[in-house]
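Just so it is clear, none of the values below were taken in a lab; they were calculated from the coordinates. Being a predicted model, the structure only gives us computed values, none of them experimental. With ideal geometry, Cβ positions are generated from the backbone for all residues, glycine too; neighbour counts draw on all protein chains shown.
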Amino acid sequence: MAEVQTVQGAIDEADLGIVLAHEHVRFRDEAVAEEFPSRYDEQLELDAALLHVRAAAAHGVRTIVDPTAMFGGRDVRFMKRVADETGVGIVACTGIYSYDYLPHYFENRDIDTMADHFVEDIERGCQGTDIRAAFLKCAADAAGVTENVEKIHRACARASLQTGASIMAHSMPAVATGPRQVDIFEEEGVELARVQIAHCGDTDDLSYIEGLIDRGVYVGLDRYGLEMFLPIEKRNATAAELLRRGHASQLMISQDFCASIDWFPPEAAETFEASGGIRNWSMTLVFEEVVPALREMGVMDDASFNEIFVENPRRWLTA
Ligand SMILES: [Zn+2]
């Protein structure tokens with residue numbers, strides 16, 4: 001039995017239980033939050049995190065993988081508070097969530113030095129605590145795989161090789177970042193079964209998604225509720241066809257929900273709901289609407305549910 005690091009310490013892989021593979025208990029810019037703290041209400045953020053994590057727990061979720069990295073305001077102490085108060089395990093990451101920008105600090109240091117920072121988070125602990133990161137996070141978005149993005153990917157790959165930790169990469173199917181991201185991991189020698197390409201469900205282009213699956217990575221159908229990228233019905237049709245084609249063992253289903261997020265003024269949430277940009281976005285949407293719909297379509301049974309929500313995250317995290 002392998003162990004998995006959570007914010008409450010190492011647990012047996014068998015105790016991960018039902019996992020949401022991609023949710024954020026809080027998402028905010030750490031620089032803005034540090035410089036202008038009066039603009040944030042930590043109690044409100046905590047209340048929101050507890051509310052949504054408890055709602056997920058009511059659907060049987062025992063573990064949440066939270067890929068909040070640098071620039072998403074990663075705060076492992078906050079995550080531990082949420083885990084302690086809800087009883088739901090939280091798996092934290094290390095890495096850098098940037099679509100291109102790098103601080104001069106990392107711009108002027110090489111890939112291996114960046115990787116050393118990640119290794120320390122995985123082997124010793126994050127942010128001055130003994131809470132260890134369990135996986136690595138990087139991102140590519142509309143700008144594509146820029147020089148800085150590639151540097152972060154290579155550093156994640158090297159830290160993965162040194163520690164055995166798995167990798168999650170935010171991707172943008174609209175500009176087809178996935179194949180290039182996988183190329184980089186492969187060039188660095190990472191076993192592709194340790195890699196999860198997030199947000200593949202933002203497209204219904206089956207050949208694009210299957211192209212990634214064929215290379216051996218996990219693909220995230222992990223933004224249910226974010227209608228601005230793809231509506232639920234289209235996400236479900238894609239998931240159903242992938243299940244029909246026998247890909248259950250490489251799919252992650254989640255919501256990329258943020259219990260709180262500072263990207264927009266608070267009133268924007270209502271505007272997004274009203275305009276249909278988001279719909280029922282939460283930490284429970286997949287259990288309330290997606291799993292029932294896939295069961296009704298006859299493409300999901302107890303075995304494939306278990307595969308997607310228990311076995312895949314466990315295998316990805318532990319190999
Ligand atoms: Zn995310």
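For S254, what charge total do you get from the other residues with a beta carbon under 10 Å from its beta carbon, if Lys and Arg give +1 and Asp and Glu give -1?
Numbers: positive: R223; negative: E23, D222, D256.
Summing Lys/Arg as +1 and Asp/Glu as -1 gives -2.
Direction-averaged projected area, Cα convex hull, segment 237-319: 6.8 nm², rounded to one decimal.
The convex hull built on the alpha-carbon positions of segment 274-319 has an orientation-averaged projected area of 4.4 nm². Each label point was placed 7 Å from the Cα along the Cα-to-Cβ direction; for A174 and E288 their separation is 2.6 nm. In percent, rounded to a whole number, the relative contact order of segment 164-319 is 24, using alpha-carbon pairs under 8 Å and six or more apart. Between D301 and E120, the modelled labels are 5.1 nm apart [label points 7 Å from Cα along Cα→Cβ].
Can you list, largest first and rounded to whole Å, the semi-axes you get for segment 1-98 by taking the square root of 5 times each eigenvalue of its Cα gyration tensor? Can you show the working numbers first?
On the way: eigenvalues 115, 49, 21 Å².
Gyration-tensor ellipsoid for segment 1-98: 24, 16, 10 Å.
Over all distinct Cα-Cα pairs of the chain, the Kirkwood formula returns a hydrodynamic radius of 19.4 Å.
Quick one, what does Rg over Rh come out to for segment 130-256 if you take C-alpha atoms and the Kirkwood Rh? Walk me through the intermediate numbers first.
Numbers: Rg = 14.1 Å, Rh = 14.7 Å.
Ratio value, two decimals: 0.97.
Over the chain, what is the percentage of antiparallel beta bridges among all DSSP beta bridges, to the nearest 5?
On the way: 5 of 32 bridges.
Of those bridges, close to 15 percent are antiparallel.
Using helices alone, what [θ] at 222 nm do you get for the chain, with -39,500 (n - 2.57) per DSSP H run of 4 or more residues, divided over all residues and rounded to the nearest 500? Working shown, then result.
Numbers: 13 runs with 125 residues, N = 319.
One gets -11500 deg cm²/dmol as the mean residue ellipticity at 222 nm.
Under the combined filter of DSSP loop state and at most 13 neighbouring Cβ atoms within 10 Å, segment 222-256 retains these trypsin sites (Lys or Arg not before Pro): R245. Taking every C-alpha pair closer than 8 Å and separated by at least 6 residues, the mean separation divided by the residue count of segment 194-254 gives a relative contact order of 40 percent.
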